[in-house]
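The values are calculated or read from the model by the stated rules, or taken from the named source; none is laboratory data. Please read all numbers here as calculations on a predicted model, not as lab measurements. In this analysis, Cβ positions are derived from the backbone assuming ideal geometry, glycine residues included, and neighbour counts consider all displayed protein chains.
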Protein chains: 2
Amino acid sequence: MRSSHITIKDIARILGVSPSTVSRALKDHPDISEDTKKLVKTFAEKVNYRPNALALSLRNRKTNMIGLIIPEIVHHFFSSVISGIEDMAYAEGYHIMICQSNENYQREVMNVQALTDLRVDGLIVSVSKTTKDFDHIEKVSKDGIPVVLFDRVVEQLDLDKVVIDDFDGARIATEHLIKSGCKNILHLSAPIHLLIGKNRFEGYEAALKNNNLEVDNDLVLKCDTREDVISLQSHILSLAPKIDGIFAVNDSTAIAVMQILQKNGFKVPEDIQVVGFGDGPNATITSPTLTTVEQKGYEMGRESVKILLHRLANPNANIDFQNKIITPILKERESTK
Amino acid sequence: MRSSHITIKDIARILGVSPSTVSRALKDHPDISEDTKKLVKTFAEKVNYRPNALALSLRNRKTNMIGLIIPEIVHHFFSSVISGIEDMAYAEGYHIMICQSNENYQREVMNVQALTDLRVDGLIVSVSKTTKDFDHIEKVSKDGIPVVLFDRVVEQLDLDKVVIDDFDGARIATEHLIKSGCKNILHLSAPIHLLIGKNRFEGYEAALKNNNLEVDNDLVLKCDTREDVISLQSHILSLAPKIDGIFAVNDSTAIAVMQILQKNGFKVPEDIQVVGFGDGPNATITSPTLTTVEQKGYEMGRESVKILLHRLANPNANIDFQNKIITPILKERESTK
């Protein structure tokens, strides 16, 4: 937008000097007088001229604005993250601008562009499910604007990251079922090629192994939405007599499976105990209420801002990138014994 | 922020002319040469110089960015509005910047300030519950930036508005209970001093009167949150044997009252039928599923953008302010017969 339209030629034309003078002045070339340097630099700053090389030197010109890009505002988890981010940021005098990628790579690229055009001091991002190329994020960081990734992080990017320990959340959920007497535990899983699917499956697997229970592949179903549960209904009901526990990869799947079991004469938790993952508001309105893993969105939001502000307060320090892992906790309710 | 820091004096100093030359050039004064005018104007635009008097003339310099201020992102209704706004805006080449006031007047004022500093082409706002003074919104509109209010609108402001017909939503909800055989209908109401509380109560009242049923003040309870229902539990249970229907001012209250009735031996809908207002995702996961009034957030979002874009496309037209009223519809589910 605006700022990206201004070129060295524009500056040269307006100030009445040659483009090479502008270019050399910006680079502190010794052939250029101090007065000219000052004029060109002041002017370049005023017109928001910002090539990569200049980004760092302009970093001291703070907007006190942090850009936030999230995949889907409608999710309770992301709403909690936003609250955590805003409460911490406002308390420190920062303003938050939110953009929604809507799980769309193109929109995410546009969001990054718009927010950097606005000269945000830093970015907090959870990448969309459809993003496979991360140049747009890497470029921001290389231009000297700190980026913190949360929840949906990207392994290959050298950036600050805040994540929840999905493996451990799944492990404690499954251990809880085992301690409550379950021996045949169905896992409703997200696709294993997604990090979240992989980590939660491995947590489930580890809990079984730790307790000398066998991992039965027939008891691992790719099923991570309410719609999936409905379409797999008859298969799930055919497994129901053989199982005594279900660990679902998220709350909506847990709630859907609980309802299908109940409609077909199975009692929760008497016949089959159910644990979800997320702890959204729905977990407390179902009957029975749902035992689930709390995802700690608010805390993730606060941690993300904390890391970003520390970096902004020490722009020239060589701080190692952090990988903050937040440990989830189990919320025990009525769907388990 | 940035743009507001640049004064006529700055421009004069950088261009090497007097402040009065700058001022007169911006006003197209005949004493100033065309070349100087062009230089000053181009420059003023580049540095985002924008006193009120200039606002209109700079309106053609579009950022293709729309600012959105909402009270609480966590509400399903507002998430739906955001989706409606974004789908329409992106399709038309506009980008949406979202700020959350968190029901806080001070933050709302800061949001307005930040978004106008970013030179958004227009604003879409739902005011916070704590906002009693509307100067910050009025000023934006007077500066030539169109503002559309939705849902929480302000009667005294002359602006485009998009609202749902709360009166009619409540009326059709109550009529539905009456047609399903209810004669003694409890209304769980929002405070009557809030427009939403007043309109929904009046819709309930109108439905009773239209059907020659008496309005019994003992059957109107101020009770609009899950917590209210829990604290009024024993009072509601003491009324339960006398009633056959409940119209709740929102879904969470409807769901909470349904659960309390069920835990105490009343059957829904057999003994008491229940209707909510909102149609959030919870309405489909309760058992029985909840009959409720759909609030049409997505449609409100689309309408808000449509009105705004029409105004942006016709900046000099004298378009009357619109007051778009969206008619809600009833979603019949299992909590009524």
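One table, with the values for the structure above:
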{"quantity": "Looking only at the stretch A:129-153, and only at residues there that are farther than 23 Å from A:Lys306 by Cα and basic (Lys, Arg), the one that is nearest to the other protein chains (Cβ to nearest Cβ)", "calculated": "A:Lys129"}
{"quantity": "Residue under evaluation A:Ser126, criteria (1) more than 9 Å from chain B (Cβ to nearest Cβ); (2) out of contact with any strand residue (DSSP E or B) (no Cβ under 8 Å at 6 or more places or on another chain); (3) surrounded by 19 or more Cβ atoms within 10 Å (Cβ to Cβ); (4) of a type in the set (S, T, N, Q), criterion not met", "calculated": "(2)"}
{"quantity": "Yes/no for B:Ile145 being assigned by TED's automatic domain parsing to the domain that holds B:Arg302, of a type in the set (A, V, I, L, M) and part of a strand (DSSP E or B)", "calculated": "no"}
{"quantity": "Matching residues in the stretch B:265-276 - criterion: being outside any loop (DSSP other than H, G, I, E, B) and either free of Cβ contacts under 8 Å to residues at least 24 places away in the same chain or not small (Gly, Ala, Ser) (or both)", "calculated": "B:Gln273, B:Val274, B:Val275"}
{"quantity": "Members of the stretch B:104-132 found to be assigned to a loop (DSSP other than H, G, I, E, B), closer than 22 Å to B:Glu86 by Cβ and not aliphatic (A, V, I, L, M), listed by number", "calculated": "B:Arg119, B:Asp121, B:Ser126, B:Ser128"}
{"quantity": "Extreme residue, nearest to B:Gly297 (Cα to Cα), among residues of the stretch B:151-202 that are out of contact with any Cys (no Cβ under 8 Å at 6 or more places or on another chain) and among the small types (Gly, Ala, Ser)", "calculated": "B:Gly169"}
{"quantity": "Residues of the stretch B:219-247 classified as more than 32 Å from the chain's Cα centre (by Cα), surrounded by fewer than 15 Cβ atoms within 10 Å (Cβ to Cβ) and either more than 14 Å from B:Ile272 (Cα to Cα) or touching a residue at least 24 places away in the same chain (Cβ under 8 Å) (or both), total", "calculated": "3"}
{"quantity": "Evaluation of A:Leu290 against (1) under 25 Å from A:Asp165 (Cβ atoms); (2) more than 11 Å from chain B (Cβ to nearest Cβ) (one fails), failing number", "calculated": "(2)"}
{"quantity": "For A:Gly276: the one exception among (1) in contact with a Gly (Cβ under 8 Å, 6 or more places away or on another chain); (2) within 14 Å of another protein chain (Cβ to nearest Cβ); (3) at pLDDT 95 or above", "calculated": "(1)"}
{"quantity": "Count - residues of the stretch B:283-305 that are surrounded by 24 or more Cβ atoms within 10 Å (Cβ to Cβ), among the β-branched types (Val, Ile, Thr) and part of a loop (DSSP other than H, G, I, E, B)", "calculated": "1"}
{"quantity": "Residue identified as in contact with an Asp or Glu (Cβ under 8 Å, 6 or more places away or on another chain) and surrounded by fewer than 18 Cβ atoms within 10 Å (Cβ to Cβ) among A:Gly203, A:Gly181, A:Gly265, A:Gly280", "calculated": "A:Gly181"}
{"quantity": "Hits in the stretch A:66-95 - residues which are more than 7 Å from chain B (Cβ to nearest Cβ) and part of a strand (DSSP E or B)", "calculated": "A:Ile66, A:Gly67, A:Leu68, A:Ile69, A:Ile70"}
{"quantity": "Test result for A:Ser79, under 16 Å from B:Ser79 (Cα atoms), under 17 Å from the mean Cα position of the chain (by Cα), at pLDDT below 95 and buried (at least 23 other Cβ atoms within 10 Å of the Cβ)", "calculated": "yes"}
{"quantity": "Boolean, A:Thr336 is assigned by TED's automatic domain parsing to the domain that holds A:Ile172 and hydroxyl-bearing (Ser, Thr, Tyr)", "calculated": "no"}
{"quantity": "Meets criteria (closer than 23 Å to B:Glu86 by Cα, touching a residue at least 40 places away in the same chain (Cβ under 8 Å) and part of a helix (DSSP H, G or I)) for B:Leu309", "calculated": "yes"}
{"quantity": "Residue count for the stretch B:85-116, restricted to those that are of a type in the set (Gly, Ala, Ser) and crowded, with 21+ Cβ neighbours inside 10 Å", "calculated": "3"}
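Every residue, every condition in (1) among the hydroxyl-bearing types (Ser, Thr, Tyr); (2) at pLDDT 95 or above; (3) within 24 Å of B:Ile255 (Cα to Cα), yes or no:
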position	(1), (2), (3)
A:Lys263	no, no, yes
A:Ala283	no, no, yes
A:Gln295	no, no, no
A:Gly301	no, yes, no
